[in-house]
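Scroll down for the structure; my scribbles are underneath it.
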Amino acid sequence: MKKTGNYSAKTREIVKKHGGEKSALIAVLQDIQEAFNYLPKQALKTAASAMNLPLSRVYEVATFYTAFSLKPRGEHVVKICMGTACHVRGASSIQDKFERTLGIKPGETSADGKFSLETVNCVGACALGPVVVINTEYHGQVTMAKVDKIVGKINKEGAQS
C-alpha cells in the first residue's frame, strides 16, 4: 500500500496546491485519494477545515462519486467493466475468475493489501470488451488465461521490488 505518513500535513499541502478554493473540492479529493489510495477520515476533516467547508459537504461529495473510496484499498485496484458490451462478451466469467484467483469478492481487499476488486458499469472502451482496468492500465479482450497472466505479472513485479 502507499505510505500514509501524516494525513493532516499531506492534506494541507494538497489543499494549498489547489489554492484552498471551495470549487476545487473534487480535485482535492482526487489528490488525497492518489496520495493515500483512499480518503482517510482525518484527511477529510483536515480538508474541510482548510477549505472552510462543512465536513458534511466534503462527505457528501466523497460519497456521491463511486470513484472515491472511504475504505483502504489495495495497492492494485482491479475494476471489471460490467457494461452491456463487456457483459455479453463474458465479463461475469472474468469476474468469477478474478474472485477465485484473488480470493476476494467485489468491494473487498485481499488480506495482504495487494488487491482490491471492484465492478463498474462502463469504462468507455466497449470495442475492447471484456475490459479490466488495473489502477490506470486498461486490459482489453480479457480471457481466463489473461487473468492469470495479469495477476502473475503484478505478483512478479511486487516480488522484484
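The values are calculated or read from the model by the stated rules, or taken from the named source; none is laboratory data. What you are looking at is a predicted structure, and each value in this text was computed from that prediction instead of being measured. Methodologically, a virtual Cβ is constructed for each residue, glycine included, from the backbone with ideal geometry; neighbour enumeration extends over all protein chains shown.
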Open item on the list: Looking at the structure I just gave you, is Val131 crowded, with 17+ Cβ neighbours inside 10 Å, in contact with a helix residue (DSSP H, G or I) (Cβ under 6 Å, 6 or more places away or on another chain) and outside the structural domain of Leu25 (by TED's automatic domain parsing)?
Closed with: yes
Task: Residue that is nearest to Phe115 (Cα to Cα), among those in segment 36-72 that are in the same structural domain as Lys16 (by TED's automatic domain parsing) and basic (Lys, Arg) - done: Lys41
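Search segment 103-128 for residues being β-branched (Val, Ile, Thr) and either in contact with a Lys or Arg (Cβ under 8 Å, 6 or more places away or on another chain) or not assigned by TED's automatic domain parsing to the domain that holds Ile80 (or both), and hand back the single one that is nearest to Ser92 (Cα to Cα). Before you say what the answer is, go through the steps one by one.
Quick first cut of segment 103-128, residues β-branched (Val, Ile, Thr) only: 104, 109, 119-120, 123.
So of that shortlist, the ones also either in contact with a Lys or Arg (Cβ under 8 Å, 6 or more places away or on another chain) or not assigned by TED's automatic domain parsing to the domain that holds Ile80 (or both) come out as 109, 119-120, 123.
Values: Thr109: 19, Thr119: 10, Val120: 12, Val123: 15 Å.
Among residues in segment 103-128 that are β-branched (Val, Ile, Thr) and either in contact with a Lys or Arg (Cβ under 8 Å, 6 or more places away or on another chain) or not assigned by TED's automatic domain parsing to the domain that holds Ile80 (or both), the one nearest to Ser92 (Cα to Cα) is Thr119.
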Open item on the list: Which of the numbered conditions does Thr143 fail, given that it passes all the others? Conditions: (1) within 19 Å of the chain's Cα centre (by Cα); (2) modelled with pLDDT of 95 or more.
Closed with: (1)
TODO: Select, from Ala67, Ala62, the only residue that is buried (at least 19 other Cβ atoms within 10 Å of the Cβ) and either under 18 Å from Tyr38 (Cα atoms) or in contact with an Asp or Glu (Cβ under 9 Å, 6 or more places away or on another chain) (or both).
DONE: Ala62
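Can you pull out every residue in segment 74-102 that is aliphatic (A, V, I, L, M) and either crowded, with 17+ Cβ neighbours inside 10 Å or touching an Asp or Glu at 6+ places or on another chain (Cβ under 9 Å) (or both)?
Narrowing segment 74-102 to residues aliphatic (A, V, I, L, M): 77-78, 80, 82, 85, 88, 91, 94, 102.
Val77, Val78, Ile80, Met82, Ala91, Ile94, Leu102, listed by residue number.
Scanning for something at pLDDT below 95, outside any loop (DSSP other than H, G, I, E, B), of a type in the set (S, T, N, Q) and surrounded by 15 or more Cβ atoms within 10 Å (Cβ to Cβ), does segment 32-46 turn up at least one residue? Walk me through it before giving the result.
First pass over segment 32-46, keeping only residues at pLDDT below 95: 33-38.
Okay, now just the ones that are also outside any loop (DSSP other than H, G, I, E, B), so 33-36.
Add one more test, that the residue is of a type in the set (S, T, N, Q), and what stays is 33.
If we keep only those that are surrounded by 15 or more Cβ atoms within 10 Å (Cβ to Cβ) as well, we get 33.
Yes, the conditions are met somewhere in segment 32-46.
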Task: Selection count, segment 114-128, where residues are of a type in the set (Ser, Thr, Tyr) and surrounded by 19 or more Cβ atoms within 10 Å (Cβ to Cβ) - done: 1
